[in-house]
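S.K.: Let me give you the structure first, and then I'll get to my questions.
Each value in this text was obtained by applying a stated rule to the coordinates, not by laboratory testing. Worth saying up front: this structure is predicted, and the values here are computed from it rather than measured. Every residue, glycine among them, receives a Cβ derived from its backbone with ideal geometry; neighbour counts consider all protein chains shown.
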Amino acid sequence: MKQKHNRKKSERAWVWSVKILFLAVLLSLTFSIVSELVLSNAALIIAIIVILVFIFISVLFDVLGLAVASSNIEHFTAMASRKVKGSKQAMSLNKNADKVASICDVIGDVCGILSGAAGASILAKIAISGGFVEILIPSLISAIIAGLTIFGKSAFKKYALVHANKITLKFARFINTFTRKD
């Protein structure tokens, strides 16, 4: 009987992974099309702003995923008993922390990839010719984008861990404005 239960759990986990695959493809396609439409004829400053927005979204969702995964459900249970707005949604987020973290990872990864693609758009705008510079400029832009993304994620990991409950509650309140769970 226990084997059958474990097999069903394993099958559900596999189904969830397939759903995440489709979500990743859908988000990548959507963000990529929007990015391409915005950046195709945009000025250099607009391309830089789009990259910074993608980096910000990537870092934000990394923080949200980590905060939800490390939040404490007892904290939200106590808040729910006092009828604190967003606490029931926060409990739901915490109970589904693995799924929330997966979705946040997908969004963060998609934005990270698209920030690199937007960097390629900047390179097309600069259009420098001349041997070594053609190698140096793209490498430098890629390194800066990667550096900013990694810096943002590492700088805010500790914050996400220390303030996990507060971040999760704010995220829950934001979601609650659309779902009315509380």
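S.K.: Suppose every Lys and Arg Cβ carries +1 and every Asp and Glu Cβ carries -1, with no other charges. What dipole size does segment 2-179 come out with about its Cα centre, to the nearest 20 debye?
M.R.: Dipole about the Cα centre, nearest 20: 1320 debye.
S.K.: Test of the criteria: in segment 11-105, which trypsin sites (Lys or Arg not before Pro) are in a DSSP loop and have at most 11 other Cβ atoms within 10 angstrom of their Cβ?
M.R.: Working: sites: ARG12, LYS19, ARG82, LYS83, LYS85, LYS88, LYS95, LYS99; in loops: ARG82, LYS83, LYS85.
Qualifying residues, ordered by number: ARG82, LYS83.
S.K.: Next up: Work out, step by step, the length gained on full extension between ILE45 and ILE113: first 0.36 nm times the residue separation, then minus their alpha carbon distance; give nm to one decimal.
M.R.: Numbers: separation 68, 0.36 × 68 = 24.48 nm, distance 1.95 nm.
Working it through step by step, the gained length comes to 22.5 nm.
S.K.: Suppose each label sits 7 Å from its Cα in the direction of the beta carbon; what would the LYS157-PHE178 distance come out to in nanometres?
M.R.: Computed distance between label sites LYS157 and PHE178 equals 2.8 nm.
S.K.: Past the 24 Å Cα-Cα mark, which pairs from LYS83/LYS153; LYS83/LYS157; LYS99/LYS166; LYS95/LYS170?
M.R.: Distance filter (> 24 Å) returns LYS83/LYS153; LYS83/LYS157.
S.K.: For the residue pair LEU29 and ASN72, what label-to-label distance in nm results when each label sits 7 Å from Cα along the Cα-to-beta-carbon direction?
M.R.: 4.4 nm
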